[in-house]
């Protein structure tokens with residue numbers, strides 16, 4: 001059995017060596033059709049486009065992506081080709097919540113946002129959005145939730161997007177990228193969205209870059225339709241809009257979910273899915289990230305993670321977007 005693995009997936013090598021005969025590690029964006037031709041499975045991240053061009057004629061039967069999002073998988077083609085796939089829902093939800101927590105604290109400290117007197121609008125209330133809402137409530141914010149698919153199923157507690165846009169001081173996106181259907185999210189935040197905002201809110205996007213129209217956001221910042229923006233995910237990564245990067249309060253290289261804890265969760269989930277699909281004998285995978293160095297202070301959440309570090313690095317060297325992602329330093333959610 002042969003498995004191709006994105007070489008930036010952490011904490012996987014020792015564990016998978018116990019259950020798989022042959023493993024090949026490659027940069028995710030460089031995996032080619034010839035690489036996968038005789039492979040049985042792929043374990044990837046968002047940088048590997050799993051489509052007909054990559055997979056046709058190969059022996060791949062199973063793909064696991066160590067991510068929540070799966071818009072890099074051509075699920076229609078995979079269904080047609082009989083290739084099973086899985087993602088890792090919720091794997092890094094607490095990591096993204098940590099990113100939002102410290103970002104909101106910084107907005108209070110540096111931009112004068114009064115958290116107890118502000119309303120947080122959460123758009124997309126899955127694993128991540130649910131935890132982000134809890135963060136807002138712990139900080140004393142009023143929290144509004146918007147999730148049209150869940151509302152359509154008859155679930156209570158969700159506002160239409162138009163109402164949230166009139167009431168929120170901070171709007172944070174946590175939706176998948178959906179191009180078609182009843183609830184598309186591609187360019188959900190476009191020029192029309194920004195023009196009709198009532199309170200000049202702060203915009204935060206940690207979902208998918210294409211959920212927010214970057215050019216429209218830049219105009220909205222210049223026109224004063226929004227007061228600040230925090231962007232972790234970008235259109236056209238890694239070739240991001242440098243003018244928008246310069247303009248946002250915090251701009252980070254798609255690392256909101258990159259805590260070691262979140263990565264360990266994803267690695268465990270893809271290993272368990274691989275073994276379940278191929279009916280491989282295995283023990284419970286204990287994937288434990290390394291501890292922080294002794295002496296790291298932990299009284300303040302910003303001591304554990306300060307997103308200004310990642311933003312400052314990216315703004316100083318935006319061409320190193322992929323380098324920053326692939327060589328991300330140890331970050332823990334708790335001691």
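Structure above, values below:
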| quantity | calculated |
| --- | --- |
| Rounded tilt (10° steps) of 214-223 against the dominant C-alpha axis of the chain | 20 |
| Fewest-first ranking of 169, 7, using other Cβ atoms within 10 Å as the exposure measure | 7, 169 |
| Ranking of 83, 202, 171 by count of other Cβ atoms within 10 Å, fewest first | 83, 202, 171 |
| Taking N as its residue count, the alpha carbon Rg of the chain over 2.2 N^0.38 Å | 1.01 |
| Computed [θ] at 222 nm, helices only, for the chain once each DSSP H run of length n ≥ 4 contributes -39500 (n - 2.57) | -10000 deg cm²/dmol |
| Cα pair distances in the stretch 135-211, grouped into 5 Å bins until the bin that holds the longest one, percent each | 3, 14, 23, 28, 21, 10, 2, 0 |
| At R0 = 35 Å, FRET efficiency that the Cβ-Cβ distance of residue 51 and residue 317 yields, to 0.05 | 0.65 |
| For peptides 92-102, 48-58, 127-137, sequence by mean Cβ density within 10 Å, most packed first | 92-102, 127-137, 48-58 |
| Rounded, prolate or oblate (a/c below 1.5 giving rounded, otherwise prolate when a/b exceeds b/c) for the stretch 93-251 by Cα gyration tensor | rounded |
| Contact order normalised by residue count of the chain, Cα under 8 Å, 6+ apart, percent | 15 |
| Rounded FRET efficiency, nearest 0.05, which uses the C-beta distance separating residue 29 from residue 246 and R0 of 45 Å | 0.95 |
| P(r) histogram, all alpha-carbon pairs of the stretch 57-119 included - 5 Å bins from 0, percent | 4, 14, 16, 13, 10, 8, 10, 8, 7, 6, 4, 1 |
| Gain on full stretching of the segment that runs from residue 61 to residue 167 - 0.36 nm per residue minus C-alpha separation | 33.4 nm |
| Using a Förster distance of 51 Å, the FRET efficiency for residue 308-residue 38 (Cβ separation, nearest 0.05) | 0.65 |
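Just so you know, all these numbers are worked out from the coordinates, no wet-lab data involved. Given the structure is predicted, the values throughout are model-derived calculations rather than measurements. When we count neighbours, we look across all protein chains shown, and the Cβ atoms used for this are built from the backbone with ideal geometry, even at glycine.
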